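Asker: This is the structure, below, for whatever I ask next.
The values are calculated or read from the model by the stated rules, or taken from the named source; none is laboratory data. Keep in mind it's a predicted model, so treat the numbers as computed, not measured. Heads up, the Cβs are rebuilt from the backbone with ideal geometry, glycines too, and the neighbour counts pull from every protein chain shown. Each accessible area value is taken on the protein alone, full model and side chains, heavy atoms only, with ligands, DNA and RNA left out. Shrake-Rupley method; radii C 1.70, N 1.55, O 1.52, S 1.80 Å.
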Amino acid sequence: MKLVALAGIVCAVFAAGFGSRVAQGGLKVDRATAGIVTGRAVFDGSPPAREPLNMSANPYCVKMAGPNVPSDAILVNQEGGLGNAFVYVKAGLDEAYSFDVPTTPVILNQHLCQFIPRVVGVQVGQPLMVVNSDHTLHNVHGRPSANQPFNFGQPIAGMRLTRTFTTPEVMLPLTSDIHSWMAAFVGVLSHPFFAVTSADGSFTISGVPTGAYVIEAWHEKFGTATERVIVDAGQTTSVSFTFPSRGRLR
């Protein structure tokens, strides 16, 4: 493994664009020579306390989830690892590459009156399925800036809503018009090179073709952090993202 944080890395990364277009070429990634990008997102400082969710508007939610459910908007473990950060290749991919679009949907569950998981990623054209697992009325309000907005009710447990997106977008927020405390975020990309950090802040992005890249980590409260990396054939590259406590809390 090698830590890569070199400020002088190849400037051509930026010329390759920031992933705002769906790949049009027919070149496929050679899995035999592809590399891995792994690392952690870290919060530097004392994290804000997790605020309790006010579910009092719906007695069912209070009964099922409990009276003092902490928000998962900020998840920082004892070692400073930051969960629920969306990490992705932002720039550097050769536009000659094309990527198969998965047909298996990414599942976003409305359970105990929360979106679970809070942060997910999909490729352009890949289904996102939102499921209501609660015996109460839920609502899914997509508020994209690049894709078509949507707003649907799910009054019955077991109901499913499937959406696909046509344009890359980081990030696409989901809210509820019924339960104001509910929120989720969807990263939509033209390629499969993304991950969401786990509870300890770790992530792994596999199958990355050799090259120089800009990798970005996004967090709903702490903004973004970027690093530049070089991925060598068959090698694992390690990178760390630090979100300083002086960063904005949104």
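Asker: At what distance in angstrom do the alpha carbon centres of the range 105-159 and the range 40-98 lie from each other?
Answerer: Between the Cα centres of the range 105-159 and the range 40-98 lies a distance of 17 Å.
Asker: If you don't mind, there's one more thing I want to ask. Read through the labelled values [x] -0.62, -0.97, -1.20; [y] -0.55, -0.90, -1.19; [z] -0.66, -1.06, -1.34 and report the label of the one computed as log10 I(q)/I(0) by the Debye sum over Cα atoms at q = 0.11, 0.14, 0.16 Å⁻¹ from the structure.
Answerer: Computed from the coordinates, log10 I(q)/I(0) by the Debye sum over Cα atoms at q = 0.11, 0.14, 0.16 Å⁻¹ corresponds to [x].
Asker: Using a 1.4 Å probe over the heavy atoms of the protein chains, calculate the carbon and sulfur portion of the accessible area of the chain as a whole percent.
Answerer: C and S atoms contribute 54 percent here.
Asker: Something else: At a Förster radius of 25 Å, what calculated FRET efficiency corresponds to the Cβ-Cβ distance of T242 and A49, to the nearest 0.05?
Answerer: In this case the efficiency is close to 0.75.
Asker: Another question, if that's okay. In the range 75-221, what % of DSSP beta bridges are antiparallel (nearest 5)?
Answerer: Around 75 percent antiparallel, to the nearest 5.
Asker: Percent of Cα-Cα pairs more than 21 Å apart in the range 51-196, please.
Answerer: Tail of the P(r) past 21 Å holds 47 percent of the pairs.
Asker: Moving on to the next point. How many nm is it between the label spots at N77 and D94, if each spot is 7 Å from the Cα in line with the beta carbon?
Answerer: With each label placed 7 Å out from Cα toward Cβ, I get 3.7 nm.
Asker: Can I ask one more? What does the extension gain come out to for A233 and L112, with contour length at 0.36 nm per residue minus their alpha carbon separation?
Answerer: Length difference between fully extended and current span is 39.1 nm.
Asker: Just from its helices, what would the mean residue ellipticity at 222 nm be for the chain, if runs of 4 or more DSSP H residues each count -39500 (n - 2.57) and the sum is divided by every residue, rounded to the nearest 500 deg cm²/dmol?
Answerer: -1000 deg cm²/dmol
Asker: Hey, if you put +1 on the Cβ of every Lys and Arg and -1 on every Asp and Glu Cβ in the chain, which of L172, F152, S198 ends up farthest toward the positive end of that dipole?
Answerer: F152
Asker: Checking the a/c ratio against 1.5 first, then a/b against b/c, what shape does the Cα gyration tensor give for the range 167-209?
Answerer: Cα axes put the range 167-209 in the oblate bin.
Asker: If you count only protein heavy atoms and use a 1.4 Å probe, how large is the accessible surface of L75, to the nearest 10 Å²?
Answerer: So the heavy atoms of L75 present about 40 Å² to solvent.
Asker: Here's another thing I want to ask about it. Take every DSSP beta bridge with both residues inside the chain and express the antiparallel ones as a percent of the total, to the nearest 5.
Answerer: Antiparallel: roughly 65 percent of the beta bridges in the chain.
Asker: Classify the range 63-129 as rounded, prolate or oblate from the Cα gyration tensor: take a ≥ b ≥ c as the square roots of its eigenvalues, call it rounded if a/c is under 1.5, otherwise prolate when a/b beats b/c and oblate if not.
Answerer: It comes out oblate by the Cα gyration axes.
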